[in-house]
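First the structure, in the form of structure tokens, and then the observations on it.
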């Protein structure tokens, strides 16, 4: 069966309406012409005969009788005989007029002619009226049919065009919402039917592709979940909108929550009822976190890593690394250092006392060689005592046993204590310490002993690395942020930029530096002391231009 195209259907519909209008026009033209012809026949056949008869009556009524007008109209009447009986009446009229004009007989003949024509006029008028009524009926019927068909065409045809387009639009919207089970069913065999078949084929292929992709995505999702679940570190993933993407078993154990309570939920909402999540979202540093797990204290470090897709950040991961074992090892090491340092301090102090007794004249004079050996042993012994003291301070700081006594302290008192401690060492190296301490300085909120220890350490380093005869500058000033800045400028060789960031690390010493006989703990301990008081410490240096060590303490 041949399928009609949509264009053909539209053409046939319009052609049908055109034919109906043409039929109405032809019928109207035909019947109007017929009525016109019948009306003309009445006028020509009957009305003129009545007119002739009337003129002849008027000629007979004239005095004298107008014979000429009568004969003229009589001749016209004889040429216009159209009705049955009219010819006999006309002939009788001629005979009565020629034989002997008899007015009553002539009038009767004329009345007969007029009556015949009047009856004919009435009869033809009825026939013409019937013809007009029939024409009106036919035109009304055909017009009604055309009207109904036109109304039906106008009502149904836009829907015939628009409904498939609307269904196609809804189908496309469904496909856009991943509803690949969407189908179109057009019963027409035109272009809309072909469009529905093409759409259904596309939806079917998309459905198959989606299911194949979905299976692959589910497989990849399960594999990713298996990888995340196998991680030994607690891991939490959060997207750009703040929703938790995943949390492995270790993270759920630390949060003390179930997976259903975490996955897909806003992290801020979870943080409102979970202190650990609130801490993880609010803190940006990588400090140690102490968490009680199964009744045992555990220590973790927090790390954050951004998730990028095609150079766009789509979220981030919070990783909690369990450092409990390392901290326990570090604590054991610290305790070991503290024990050894404490055990070494006693014999070293005894050795120092013995050297002092040897140097006493009451023990007997020493030869120059013996005196030199005693002095060398005393220097080495005191250096060992200083190193053991630093190790003890370091072990106390690592174990958290150092107690700070923060109070309002005059900066001048800290400077005077430090200068008194290092003055002999500076004089021994022929160094001048130039101190600039204004009188109008505010007091510092600090531990006087620990702050003085830091300043002594900085001055000792400056004296050690500055050449003989140089000057060491000590300055105290107030910064724009209302903190007290203590700075020590030496005339030493300076620090290479490659080592400047490591200078405050434990046991670090600048490679190749002269006079580097320390333990490498002094600056590390100084940093811990200053930061514990809420201050900061730093250095600015350039090779060959000396170094400037400084620390800031908050004002009281």
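You will find that of 240, 248, the residue that is more than 27 Å from residue 324 (Cα to Cα), in the same structural domain as residue 281 (by TED's automatic domain parsing) and modelled with pLDDT of 70 or more is 240 and no other. Among residues of segment 492-506 that are touching a residue at least 60 places away in the same chain (Cβ under 8 Å), those with a beta-carbon under 6 Å from a residue that is in a helix (DSSP H, G or I) at least six positions away or on a different chain give the pairs 506/524.
Please find, within segment 192-224, the residue that is modelled with the lowest pLDDT out of those that are surrounded by 13 or more Cβ atoms within 10 Å (Cβ to Cβ) and over 30 Å from residue 10 (Cα atoms). Applying the filter and picking the extreme gives 210. Among the residues of segment 147-166, are any exposed (fewer than 12 other Cβ atoms within 10 Å of the Cβ), over 40 Å from the mean Cα position of the chain (by Cα) and at pLDDT below 75? Yes, because at least one residue in segment 147-166 is exposed (fewer than 12 other Cβ atoms within 10 Å of the Cβ), over 40 Å from the mean Cα position of the chain (by Cα) and at pLDDT below 75. Checking the structure you have, find out if any residue of segment 35-50 is assigned by TED's automatic domain parsing to the domain that holds residue 150 and under 22 Å from residue 142 (Cα atoms). Yes; the residues of segment 35-50 include at least one that is assigned by TED's automatic domain parsing to the domain that holds residue 150 and under 22 Å from residue 142 (Cα atoms).
For (1) modelled with pLDDT under 85; (2) touching a strand residue (DSSP E or B) at 6+ places or on another chain (Cβ under 6 Å), each residue gets a yes or a no:
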position: 396; (1), (2): yes, no
position: 405; (1), (2): yes, no
position: 408; (1), (2): no, no
position: 416; (1), (2): no, no
position: 433; (1), (2): no, yes
position: 438; (1), (2): no, no
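Restricting 88, 84, 130 to residues that are assigned by TED's automatic domain parsing to the domain that holds residue 21, modelled with pLDDT of 80 or more and not in a helix (DSSP H, G or I) narrows the list to 84. Filtering segment 93-110 to residues that are in a helix (DSSP H, G or I), touching a helix residue (DSSP H, G or I) at 6+ places or on another chain (Cβ under 8 Å) and free of Cβ contacts under 8 Å to residues at least 12 places away in the same chain leaves only 105. Give the residues of segment 501-523 that are within 47 Å of the chain's Cα centre (by Cα) and at pLDDT 80 or above, sorted by residue number. Scanning segment 501-523 gives a single hit, 503.
Do any strands (runs of 3 or more DSSP E) lying entirely in segment 247-329 carry at least 2 residues that are farther than 22 Å from residue 227 by Cα, and which ones are they?
288-293, 296-309
Evaluation of residue 79 against the conditions (1) farther than 30 Å from residue 130 by Cβ; (2) modelled with pLDDT of 75 or more; (3) surrounded by fewer than 13 Cβ atoms within 10 Å (Cβ to Cβ) shows that the sole unmet condition is (1). Whether a residue is more than 30 Å from residue 302 (Cβ to Cβ), modelled with pLDDT of 70 or more and not in a helix (DSSP H, G or I) was assessed, and residue 187 does not pass this test.
Of all residues in segment 459-479, one or more are buried (at least 18 other Cβ atoms within 10 Å of the Cβ), assigned by TED's automatic domain parsing to the domain that holds residue 535 and farther than 18 Å from residue 523 by Cβ. Scanning segment 26-61 for residues that are surrounded by fewer than 15 Cβ atoms within 10 Å (Cβ to Cβ) and modelled with pLDDT of 80 or more yields a count of 3.
None of 313, 302 is in the same structural domain as residue 263 (by TED's automatic domain parsing), at pLDDT 80 or above and more than 24 Å from residue 250 (Cα to Cα) except 313. Could you please find all residues in segment 459-491 being in contact (Cβ under 8 Å) with a residue 12 or more places away in the chain, assigned to a loop (DSSP other than H, G, I, E, B) and within 57 Å of the chain's Cα centre (by Cα)? Within segment 459-491, 479, 482, 490 meet the criteria. Selection over segment 248-270 of residues that are surrounded by 13 or more Cβ atoms within 10 Å (Cβ to Cβ) and over 24 Å from the mean Cα position of the chain (by Cα) gives a count of 11.
If we scan segment 424-431, do we find a residue that is touching a strand residue (DSSP E or B) at 6+ places or on another chain (Cβ under 6 Å), assigned to a strand (DSSP E or B) and at pLDDT below 90? No, because not a single residue in segment 424-431 is touching a strand residue (DSSP E or B) at 6+ places or on another chain (Cβ under 6 Å), assigned to a strand (DSSP E or B) and at pLDDT below 90. Could you please let me know if residue 90 is touching a helix residue (DSSP H, G or I) at 6+ places or on another chain (Cβ under 9 Å), under 13 Å from residue 110 (Cβ atoms) and surrounded by 14 or more Cβ atoms within 10 Å (Cβ to Cβ)? Judged against the criteria, residue 90 is a match.
The values are calculated or read from the model by the stated rules, or taken from the named source; none is laboratory data. On a predicted model such as this, the values are computed, not experimentally measured, just so you know. When we count neighbours, we look across all protein chains shown, and the Cβ atoms used for this are built from the backbone with ideal geometry, even at glycine.
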